[in-house]
Amino acid sequence: MKKYTDTGKKDTRSGFGAGLTELGKTNPNVVALCADLVGSLKMQDFIDENPERFFQVGIAEANMMGIAAGLTIGGKIPFTGTFANFSTGRVYDQIRQSIAYSDKNVKICASHAGLTLGEDGATHQILEDIGLMKMLPGMTVINPCDYNQTKAATISIAEHHGPVYLRFGRPKVANFTPEDQKFEIGKALLLNEGKDVTIIATGHLVWEALQAAEQLEEKGISAEVINIHTIKPLDEAAILASVGKTGCVVTAEEHNFLGGLGESVARTLVQNHPAPQEFVATMDTFGESGTPEQLMEKYGLNAAAIVKASEKVIKRK
């Protein structure tokens, strides 16, 4: 089994900020909009270097989406920035009508996703955003796992024509993917090969999946780990190849099990290769206030939960 090293914990939102800053230097059509959360979205370096390409919309997220849609008509590539809850739930009508339906080249960049927003509680956390976005025709949905991958994804989506939802988080998490990686939309990454169970993870749960695989190895269980950074379009071929070998799967995500990655994997399997599946996700519930670590523990979104689910699904084969 390949061992992965955390090179130093970093927040994925800073990966977005670094990617946006890079785009400011290399792509003159990239513009940025923010709904009064510049510091939280790590956009200040881009603003300092490109003040004429930044629009502070204020606490008016619906207006931000409409402005972004309009900017695409002139050939600009707008990156909008606010919390995931406000990037989706608050502005769903504007995204659906002005961006998705019209196939506008807007990049909806959403920080503070999932439970790990932490102490701000359920009103600011969102656990249904992936479902909201993946159901929109033509919307690409990306959920990278660490700082390096978020930076690479941010740079990559500027070259992709069409609406994109890019989801990332607030806390500092393990940074373990290559610094010089090339991000390929829609291409799953096989992190570890195994024969007993497939673990498919996204976002913050990818590192937890790798830790779970090490713990399972100590128990004599060989786990294959796949990083699904792009939830739509889904790399169905990679999923089917892996589950065809292992015969069972665990999906892991910081999201409701209804509408998330797990549901997309389940649909793929039921249509092509039915197999036992267990879900590591929140179970149709809102979050609450607490530290990210406390919340991930309480809601079962960690390596221990993945190990338990893996042992359970293997027995179902």
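A few notes on this one:
- Residues that are in a loop (DSSP other than H, G, I, E, B), over 17 Å from Ala18 (Cα atoms), at pLDDT 95 or above and not hydrophobic (A, V, I, L, M, F, W, C) do occur in the stretch 136-152, at least one of them.
- Of all the listed residues (Thr7, Thr12), the sole one being surrounded by fewer than 21 Cβ atoms within 10 Å (Cβ to Cβ) and within 30 Å of Glu214 (Cα to Cα) is Thr7.
- Residue within the stretch 250-257 that is over 25 Å from Thr5 (Cα atoms) and in a strand (DSSP E or B) present: yes
- Residues within the stretch 262-292 that are under 22 Å from Ala303 (Cα atoms) and among the basic types (Lys, Arg), tallied: 0
- Scanning the stretch 11-22 for residues that are under 30 Å from Asn192 (Cα atoms), part of a strand (DSSP E or B) and in contact (Cβ under 8 Å) with a residue 40 or more places away in the chain turns up at least one hit.
- Scope the stretch 128-186; condition acidic (Asp, Glu) and in contact with a Lys or Arg (Cβ under 8 Å, 6 or more places away or on another chain); matching residues: Asp129, Asp146
- If the condition is being more than 15 Å from Val141 (Cα to Cα), part of a helix (DSSP H, G or I) and either touching a residue at least 24 places away in the same chain (Cβ under 8 Å) or among the hydroxyl-bearing types (Ser, Thr, Tyr) (or both), then the stretch 86-106 contributes Phe86, Asp93, Gln94, Ser98.
- Given (1) farther than 23 Å from Cys145 by Cβ; (2) in contact with a Lys or Arg (Cβ under 9 Å, 6 or more places away or on another chain); (3) not in a helix (DSSP H, G or I), index of the condition Phe79 fails: (1)
The values are calculated or read from the model by the stated rules, or taken from the named source; none is laboratory data. Remember, it's a predicted structure, so these values are computed and weren't measured experimentally. For neighbour counting, all protein chains shown are included, and Cβ atoms are generated from backbone atoms with ideal geometry for every residue, glycine included.
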